[in-house]
Amino acid sequence: MRRLLTAKEFEEYLQDQQEKASIAAFRDEFDFLSNFYPVKIRYNGVTFHNAEAAFQAQKDPARSKEFAILAPAEAKRLGRRVNLRNNWEDIKVVEMIGILQAKFQQNPEFLKKLLDTGDKVLIEGNTWHDNYWGSCHCAKCKNQGQNMLGRSLMQLREAFRKEIEGYAGN
Ligand SMILES: [Zn+2]
């Protein structure tokens, strides 16, 4: 044995390992994981231009067609002004998973990229204090978010992988 790492080296090593084991933001080569990424998704009979618009539309499905043509930031804005379905809080994660499932089923090139992330932990890291869908790493939030978007993506990744393995086994 050569020598133990210094405390500082060990910290760097741990940080490095953690980075290797996770995707900490949905940008650059992992931008396709973001709900803002442009991608056609047909969901509940309407075709949207990004997952964000598909998701925001579910808050008030009667107005879905208005969302269909919107860019993600516009959809997010409109989503704040609609009349929320009364059970929205109970169903929003299920809707999100349904939309993401549609996104990857309908766009096999993205499904391949999702599967290629292997077992990495997917974290929708952000700086705008979204600690429900993601995890904000500002000094106040300290990266303790619930990361529901990242978790939904990992759940789907596992389900798709099992499905593919199932086919391969037949
Ligand atoms: Zn924050």
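Could you check how much of the accessible area of segment 8-131 is carbon and sulfur, as a whole percent, using a 1.4 Å probe? It is 51 percent, rounded to a whole number.
Distant-in-sequence amide contacts of Arg42, defined by a placed amide H-H separation under 5 Å and a gap of 5 or more residues or a different chain, comprise Phe48. With Rh defined as the Kirkwood radius, the inverse of the mean 1/r over Cα pairs, the Rg/Rh of the chain is 1.05.
Taking amide H as placed 1.01 Å from N in the peptide plane, the amide H of Ala25 sits under 5 Å from that of Ile123, Gly125, each at least 5 places away or on another chain.
In degrees between 0 and 90, to the nearest 10, how far off the longest principal axis of the chain does helix 148-169 point, with axes built from Cα atoms? With rounding to tens, the tilt is 90 degrees. Return one number: the angle in degrees, 0 to 90 and rounded to the nearest 10, between the long axis of the Cα atoms of helix 7-21 and the longest principal axis of the Cα atoms of the chain. Between helix and principal axis, roughly 30 degrees.
Label zone (Phe32, point 7 Å along Cα-to-C-beta; backbone nitrogen cut-off 20 Å) within segment 136-169: 149-165. Highest mean first, the peptides 97-103, 44-50 sorted by other C-beta atoms within 10 Å per residue fall in the order 97-103, 44-50. Across segment 100-108, coupling constants 3J(HN,Hα) worked out from phi with the 6.51/-1.76/1.60 Karplus curve, θ = phi - 60°, read 5, 4, 4, 4, 7, 5, 7, 9, x Hz, and Gly and Pro carry x. Counting only protein heavy atoms and a 1.4 Å probe, the chain has 62 square angstrom of accessible area per residue. Pairs with C-alpha atoms separated by more than 22 Å, drawn from the list Lys59/Lys112; Lys65/Lys92; Lys120/Lys142; Lys92/Lys112; Lys103/Lys142; Lys20/Lys103, are Lys59/Lys112; Lys92/Lys112; Lys103/Lys142; Lys20/Lys103.
The values are calculated or read from the model by the stated rules, or taken from the named source; none is laboratory data. What you see is a predicted model; the values in this text were computed from it and never measured. In this analysis, Cβ positions are derived from the backbone assuming ideal geometry, glycine residues included, and neighbour counts consider all displayed protein chains. Keep in mind that these areas ignore ligands, DNA and RNA; they rest on the heavy atoms of the full protein, side chains included. Shrake-Rupley method; radii C 1.70, N 1.55, O 1.52, S 1.80 Å.
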